Amino acid sequence: MNNKGTEGERIAAEYMQSKGFELLASNYTSRFGEIDLIVTDCEYIVFVEVKQRSRTDFGTGLEAVTKSKQRKLRTTAMIWLQKNQAEKQPRFDVIEIGKLSKDVPYKINHIENAF
């Protein structure tokens with residue numbers, strides 16, 4: 001993973017933890033794909049796709065999570081759930097991290113139940 005992706009995932013993990021979520025896993029991989037973050041609170045197991053963009057000329061982070069990517073994420077999440085015996089409701093979120101300026105280094109857009 002490149003430094004930009006690592007930084008975005010760190011920012012997203014810190015953001016979710018500040019919202020009361022516990023980090024269960026990061027960069028969880030299966031043969032079907034990768035989930036950037038897996039977090040939980042009292043109600044949900046949340047599978048988080050992190051998209052960091054410095055520009056939106058080619059679309060937003062959410063737009064980059066295509067139907068094909070969603071299928072891979074769902075399949076990988078099912079594998080994680082089977083291995084971890086989780087009984088909470090699963091949810092798929094997208095966190096977009098956008099570059100603002102040197103004074104404000106980034107903006108977080110958290111989309112719950114993104115798909």
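What the table shows:
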item: Long-range neighbours under 6 Å by Cβ, at least six apart or interchain, first residue more than 15 Å from ASP36 (Cα to Cα) and in contact (Cβ under 8 Å) with a residue 12 or more places away in the chain within segment 77-103, second of a type outside the set (A, V, I, L, M, F, W, C) and part of a strand (DSSP E or B); result: LYS88/TYR44; GLN89/TYR44; GLY98/ARG53; GLY98/LYS107
item: Residue match in segment 24-36 (condition: open to solvent by 70 Å² or more (accessible area, probe 1.4 Å), over 14 Å from ASP93 (Cα atoms), assigned to a helix (DSSP H, G or I) and without any contact (Cβ under 8 Å) to a residue 60 or more places away in the chain); result: no
item: Filtered residues of segment 63-107 (kept if at pLDDT below 95, more than 16 Å from the chain's Cα centre (by Cα) and among the β-branched types (Val, Ile, Thr)); result: VAL104
item: Subset of segment 82-115 that is farther than 16 Å from TYR28 by Cβ and of a type in the set (S, T, N, Q) - its residue that is surrounded by the fewest Cβ atoms within 10 Å (Cβ to Cβ); result: SER101
item: Residues of segment 3-18 satisfying the condition of being over 15 Å from GLY61 (Cβ atoms) and touching a strand residue (DSSP E or B) at 6+ places or on another chain (Cβ under 8 Å); result: ALA13, MET16, GLN17
item: Some residue of segment 50-62 being modelled with pLDDT of 95 or more and either in contact with a strand residue (DSSP E or B) (Cβ under 9 Å, 6 or more places away or on another chain) or surrounded by fewer than 19 Cβ atoms within 10 Å (Cβ to Cβ) (or both); result: yes
item: Any hit, segment 7-18, residues being under 19 Å from GLU112 (Cβ atoms), surrounded by fewer than 13 Cβ atoms within 10 Å (Cβ to Cβ), among the small types (Gly, Ala, Ser) and modelled with pLDDT of 95 or more; result: yes
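The values are calculated or read from the model by the stated rules, or taken from the named source; none is laboratory data. Being a predicted model, the structure only gives us computed values, none of them experimental. We place every Cβ from the backbone using ideal geometry, glycine too, and count neighbours over all the protein chains shown. Heads up: the accessible areas ignore ligands, DNA and RNA and are worked out on the full protein's heavy atoms, side chains in. Shrake-Rupley method; radii C 1.70, N 1.55, O 1.52, S 1.80 Å.
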